[in-house]
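Here's the structure we're looking at; comments come further down.
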Amino acid sequence: MASKSVLHIACGICINLFLICAVTAQDPCDSGPCIPPSTCVSGGGRFLCLCSQSRGDSPTFYQGSTCDQSTQSTCGETFSDTTGEILSPSYPANYPNLQECVYLVRVLGALDITFYVNDLEIETTPGSSDNVIIGPGSTVDVNGEGAVQSSGDAFTVSSDQAWIYFTSDRDTSFRGFNITYDSDRDNCRDTPCNNNGTCTDQEYDYNCSCSDGWTDKNCTTDIDECEVVDCINGGVCEDMINGFTCICIDGFFGTFCEINIDECSPNPCKNGATCIDGIAGFSCICAPGYTGIECEEDINECNSNPCLNGGRCSDKVDSFLCICDLGLTGSICEIDIQECASNPCKNGGTCREVGLNAYTCSCAPGYSGPTCREDINECASNPCQNGGACADEINGFLCDCSPGFNGTTCQFNINECASTPCQNGAICIDEINGYRCDCRVGFNGTNCESNIDDCLPNPCQNGATCIDGIGGFTCTCAPGYTGPSCDEDIDECKSNPCQNGGSCTDVVNGYLCVCSPGYNGSECTSNIDECASNPCQNGGTCADVINGYQCTCSPGYTGSDCASDINECASNPCQNGGNCMDEINGYNCDCSPGYTGTECASNIDECASNPCQNDGTCTDEINGYNCDCTPGYNGAECASNIDECSSNPCQNGGTCTDGINGYQCACSPGYTGSNCASDINECASTPCQNGGNCMDEINGYNCQCSPGFTGAECASNVDECASNPCQNGGTCADEINGYQCDCLPGYNGSDCESNINECAINPCENGAMCIDEINAYRCDCLVGFNGSNCESNIDDCLPKPCQNGATCFDGIGGFTCTCAPGYTGSSCDEDINECESNPCQNGAACTDEVNGYTCNCSAGYTGTHCASDIEVCQSITCLYGGVCSDLINGYRCDCALGYTGSNCETDVNECESSPCLNGGACEDEVNGYTCNCSQGYYGENCASVSDVCRPWSCSNGGTCVSLVQGSTDYICECPVGYFGDRCEIDINECSSLPCQNGGTCVEGVGVYQCKCRQGYSGRNCRTVGFCDLSGDWYNECNDRIDIDLTSTGLILGDYITDLANSTGQGPLGHLIGYASRRYHYTTFGFTLSEDGGKKVTTWTGQCALCGGEEILFTMWTSCKRTNGCEDAKKSFGVGQDKWTRYKQSMAPARKP
């Protein structure tokens, strides 16, 4: 084929979908030749204006720099794949005339695009404008000279976009062209591999070989070595590029923080102290007498000032010595030489040391004198008031009061109101030897014990029940009535109970509804069913409505009851003179001749029988038809076939066979075409398979096969596996122009030539070395680790290597023992010899012990370290104030007056001289004596005679009676409630346990009182079954009432809600009422007034014993004050409550 370097168009001429322009020195799109909506695309110094191919639903296409010129061309296409096939319109059939086609190839990232001309047949006669041009960058004109068949040409465009331009004129058309293309794209040119990764370009992709420490497709992910590394002992792993670092806490170091730093090496502890290593530190166990972090300080035992009473302290190692002042002794001068040791103070007086060698007596109440021997006469000041008689006693006096007075000095007028005689909340007014009760409203009687019955005479009307209250009454109305006295008839019509327009008439305790038409029932709620009588006829369906019904008639009937037959002929449905016959739900038309159909609307189609043969077209007429024959037939009914072979159209010896409106030529071998005028192109059937290139020959063809195929028609795939390319046992799978190796585990590579390095993912942990093997790896662990990946730290503390109670800390490949006090060594198996520091002084022998030592002192020394000289007086105590004088190898006690003996231990017995007269008993004392006189005698030596009956002889009001005149004998006559020789014993009336059934006994003087448990009553709590209302009660809302029930039945108490109680508010109101205690099940009623009387709630109920538990069942009525008569009746509320002794669960309940 001859080629031309001619471009047949000039710049600015519009071509179908694109505009093609000549080469310019710069980017031709910079001048903006294409105006939106067209898009400018340049390459090789040329540009194209790309238009959208259609708008809306119209098949019209557009061209021009502004895409404003329509065209009927539909060819052209845009390609973006790396390879593709471009065919002329209708290929392999002949292309149409008047075509202008642009095929745009745009492969993103391509280095170049190569076109292969596989087939070309276009008109090449002089003057023909059938052209195929490849560009940009190509100067090759692939037009042929005449109908020349050519293939094998290839054209490369060094750009990522190119185009093929094809035009045809009005003359004869040919087969056209088949052009394929491929492209070469450098997938590595954008440097996709990061962090120094190496990029390898592949056919459709790239592969990154990452630097150490990086992974993923583009080498952007840092491999976190910390995911497979464990820093122990609190260390924190910090990831690094291709490695890691363990940041250890204080006290540890090593690659994995596995080593505990030994802060005891070298030993920082001083003065023989023992060092114990810890974590990031150490502790010193000091030898006795030393302190400080490193035991560097000698403890000054004198800092605490241990010597008392002015003693001087001398510091020693681990001890001190006190040098005491005169008059003191003891190791810390704590012993005062006790002048009070001889008990010189009599009658319970308290002896107090005063300085050295002196004391003073603090006498017990009622006594005086230097040694408390004198009884004080408390009656001397006449303390008894209001005429009371005074009797002197030991440390006191006793007043015998005049009637009407009491108190220690008869200073109080007896308050007769103290016993609370006034009941039911009355006020008690004390008077002389009496009282007066000021009763509350509703009560009378001496003690206000009687509740005035406000129900007499009966104030409640209309059969209501009157409940007496405190200073008032409550009416429980009969049904239908309301009001304080039940004098108001309740208007039940106010709630509008009559529905659907019904009229309400009020009656006592009820109402009467007169219903609107169509309704019935007590409240006019029922709609009357008018369909019940079946009013709809002839199968009609009845639908009930208000005060009526609606009939839905069966087809063919009408009327309110569906009684009338519909005349369907009334609308004259029969056309064209047809006669209408009425029927039930329809009609029947008797049509005039020539018409048919339900309504005679259709003309009879004589063409319906298809009288015209051979696809002739039948035209219906009145009572007839006309046939319009298809080409090739004629006759009245198109029955005759026209013979087109009569003109002998078949050329080159072809045989003609007549057909319908045509003919068929059977060509001689080697010819083809409708008239056998064309030589047969054996390549037209595309016999070459798998992309092979067909070369047409005379009466035959030759196939040039694509790579990877062979055979006459390229049908056989070349088996690239025949050479066994896959190594190391890999399995070969043949592919087109290649093969794929399926490698055995452990190998990879295109031919399975590479052993996979299983160590590449660093599976071995904790610094282990990875040894690659075939489809496996082996970890060589560091000392201290084991496991398949060296992931486990070997616990070196098993079995327990640390001895003598030491604590073992596991490390990496070893352990550390923290020894118990007194032990050392790597395994704490060595006992520390505390005697090595020679702590014992003055020739003492040291005995080593665990975590300590003992000093065996030489004669004459003492102390923990035998540092103190023994002073004899420090170990000797001269008793009762004796003074010790240190002697050579001994001591001497100088005793206080009244004592004798080597240690002043013996009291001198002053009673040996029998100083007490008249049978008095002598009681020896220190440096003295005391005479306990017989009855009738007194004085220091019992020499004086006394009156036998003294005011204090009998206690608690007992009367002293002398038995014989002048005798010392007497008896006491005791008042009720006391006994004993001097009436000193209060009789416990509760000792006989008089209170039964768990009652509590309260003892008084000569009497007792029983406080009974709930459910019991009576003097001794013997009465069973009566409810006791007193105490706290809780309802379902945990509101609380606190009831105080008096003996007369009066109820007083407080009321508080659960909310007010939880927020710390006080009672919301006070309640008052009355309870009857004549029955086992106590009935009661009380009234609560709140908010200054704006709200009043009245409870009535009874207390019942249920399974031994007291429960209150109540009904309540609540009334709130309103501002108008209209709202007065709406201000009432009623409800029920259940009260228990304990808080109930928070179940919903109505509150009063």
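Note on region 890-922: residues that are part of a loop (DSSP other than H, G, I, E, B) and either in contact (Cβ under 8 Å) with a residue 40 or more places away in the chain or touching a helix residue (DSSP H, G or I) at 6+ places or on another chain (Cβ under 8 Å) (or both) amount to 2. Taken as a whole, the structure places D112 among residues that are closer than 25 Å to S706 by Cα and either assigned by TED's automatic domain parsing to the domain that holds N178 or without any contact (Cβ under 8 Å) to a residue 24 or more places away in the chain (or both). Highlighted here are the strands (runs of 3 or more DSSP E) found entirely within region 652-697 that include at least 3 residues which are under 20 Å from T710 (Cβ atoms): 693-697. Only one entry in G502, G472, G521, G540 is modelled with pLDDT under 85 and not assigned by TED's automatic domain parsing to the domain that holds S1118, namely G472. Taken over region 829-866, the criterion of being in contact with a Cys (Cβ under 9 Å, 6 or more places away or on another chain), hydrophobic (A, V, I, L, M, F, W, C) and assigned to a loop (DSSP other than H, G, I, E, B) is satisfied by I832, C840, A844, C857, C866. Evaluating F256 against the criteria (1) touching a helix residue (DSSP H, G or I) at 6+ places or on another chain (Cβ under 6 Å); (2) among the aromatic types (F, W, Y); (3) in contact (Cβ under 8 Å) with a residue 40 or more places away in the chain leaves one unmet condition, (1).
If you go through region 299-318 and pick out every residue that is farther than 21 Å from C286 by Cβ and not charged (D, E, K, R), you end up with 8.
Report yes if some residue within region 627-647 is over 20 Å from Y663 (Cα atoms) and polar (S, T, N, Q); otherwise report no. Within region 627-647 (the criterion being over 20 Å from Y663 (Cα atoms) and polar (S, T, N, Q)), the answer is no, since none of the residues qualifies. Taken as a whole, region 1019-1034 holds no residue that is at pLDDT below 85, more than 60 Å from the chain's Cα centre (by Cα), in a loop (DSSP other than H, G, I, E, B) and exposed (fewer than 13 other Cβ atoms within 10 Å of the Cβ).
Residue-wise test of (1) among the aliphatic types (A, V, I, L, M); (2) farther than 25 Å from C676 by Cα; (3) surrounded by 16 or more Cβ atoms within 10 Å (Cβ to Cβ).
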| residue | (1), (2), (3) |
| --- | --- |
| I622 | yes, yes, no |
| Y625 | no, yes, yes |
| G632 | no, no, yes |
| C638 | no, yes, yes |
| N641 | no, no, no |
| C645 | no, no, yes |
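Could you identify the single residue in C828, C781, C770 that is over 30 Å from N748 (Cα atoms) and either polar (S, T, N, Q) or without any contact (Cβ under 8 Å) to a residue 40 or more places away in the chain (or both)? That would be C828, the only listed residue that is over 30 Å from N748 (Cα atoms) and either polar (S, T, N, Q) or without any contact (Cβ under 8 Å) to a residue 40 or more places away in the chain (or both). The residue that is modelled with the highest pLDDT, counting only those in region 261-281 that are of a type in the set (A, V, I, L, M, F, W, C) and not in a strand (DSSP E or B), is C269.
Hey, among the residues in region 829-840 that are crowded, with 19+ Cβ neighbours inside 10 Å and more than 15 Å from S283 (Cβ to Cβ), which one's nearest to the chain's Cα centre (by Cα)? That would be E834. You will find that of N603, N579, N623, the residue that is modelled with pLDDT of 85 or more and not acidic (D, E) is N579 and no other. I need the full set of residues from region 486-496 which are on the phi < 0 side of the Ramachandran plot, part of a loop (DSSP other than H, G, I, E, B) and surrounded by 17 or more Cβ atoms within 10 Å (Cβ to Cβ), in order please. I490 - this is the single residue of region 486-496 that is on the phi < 0 side of the Ramachandran plot, part of a loop (DSSP other than H, G, I, E, B) and surrounded by 17 or more Cβ atoms within 10 Å (Cβ to Cβ).
Yes or no, residue by residue, for (1) crowded, with 19+ Cβ neighbours inside 10 Å; (2) at pLDDT below 75:
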site: G1049; (1), (2): yes, no
site: A1060; (1), (2): no, no
site: Q1065; (1), (2): no, yes
site: R1078; (1), (2): no, yes
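Where strands (runs of 3 or more DSSP E) fall wholly inside region 282-378, the ranges with 2 or more residues that are buried (at least 16 other Cβ atoms within 10 Å of the Cβ) and of a type in the set (A, V, I, L, M, F, W, C) are 319-323. Residue by residue through region 548-588, note down the ones that are among the charged types (D, E, K, R) and closer than 23 Å to A601 by Cα. Correct list: E568, D582, E583.
Each residue in region 825-862 was checked for being of a type in the set (D, E) and closer than 22 Å to P801 by Cα, and 3 of them qualify.
Reported count of residues in region 585-606, each being closer than 16 Å to E621 by Cα, exposed (fewer than 14 other Cβ atoms within 10 Å of the Cβ) and acidic (D, E), is 1. When region 422-439 is filtered for residues that are crowded, with 16+ Cβ neighbours inside 10 Å and free of Cβ contacts under 8 Å to residues at least 40 places away in the same chain, the ones remaining, listed by number, are C422, A426, C428, Y435, C437, C439.
So in region 241-252, with the set limited to residues that are under 30 Å from C210 (Cα atoms) and in contact with a strand residue (DSSP E or B) (Cβ under 9 Å, 6 or more places away or on another chain), which one is surrounded by the fewest Cβ atoms within 10 Å (Cβ to Cβ)? Step by step, filter region 241-252, then rank; the result is I247. Selection of region 509-535 for residues being of a type in the set (S, T, Y), closer than 15 Å to N547 by Cβ and in a strand (DSSP E or B) yields Y519, S526.
For region 698-721, the tally of residues that are in a loop (DSSP other than H, G, I, E, B) and either modelled with pLDDT under 85 or in the same structural domain as L120 (by TED's automatic domain parsing) (or both) stands at 2. Entry remark, region 741-789: residues being over 47 Å from the mean Cα position of the chain (by Cα), assigned to a loop (DSSP other than H, G, I, E, B) and of a type outside the set (V, I, T) number 11 in total. Taking region 969-986 as the range and being more than 12 Å from S955 (Cα to Cα) and loosely packed, with under 15 Cβ neighbours inside 10 Å as the test, the residues that pass are D969, V976.
Answer yes if at least one residue in region 786-797 is surrounded by fewer than 19 Cβ atoms within 10 Å (Cβ to Cβ) and over 30 Å from E758 (Cα atoms), and no otherwise. Yes, region 786-797 contains at least one residue that is surrounded by fewer than 19 Cβ atoms within 10 Å (Cβ to Cβ) and over 30 Å from E758 (Cα atoms). Considering only region 331-339, I want to know if a residue exists there that is of a type in the set (S, T, N, Q), out of contact with any Ser or Thr (no Cβ under 6 Å at 6 or more places or on another chain) and either modelled with pLDDT under 80 or not assigned by TED's automatic domain parsing to the domain that holds G939 (or both). Yes, because at least one residue in region 331-339 is of a type in the set (S, T, N, Q), out of contact with any Ser or Thr (no Cβ under 6 Å at 6 or more places or on another chain) and either modelled with pLDDT under 80 or not assigned by TED's automatic domain parsing to the domain that holds G939 (or both).
Of all residues in region 879-900, those that are within 26 Å of C931 (Cβ to Cβ) and either surrounded by 18 or more Cβ atoms within 10 Å (Cβ to Cβ) or modelled with pLDDT of 85 or more (or both) total 7.
The values are calculated or read from the model by the stated rules, or taken from the named source; none is laboratory data. The shown structure was predicted, so the numbers you read here are calculated from the model rather than taken from an experiment. Neighbour counts run over all protein chains shown; Cβ positions are idealised from the backbone, glycine included.
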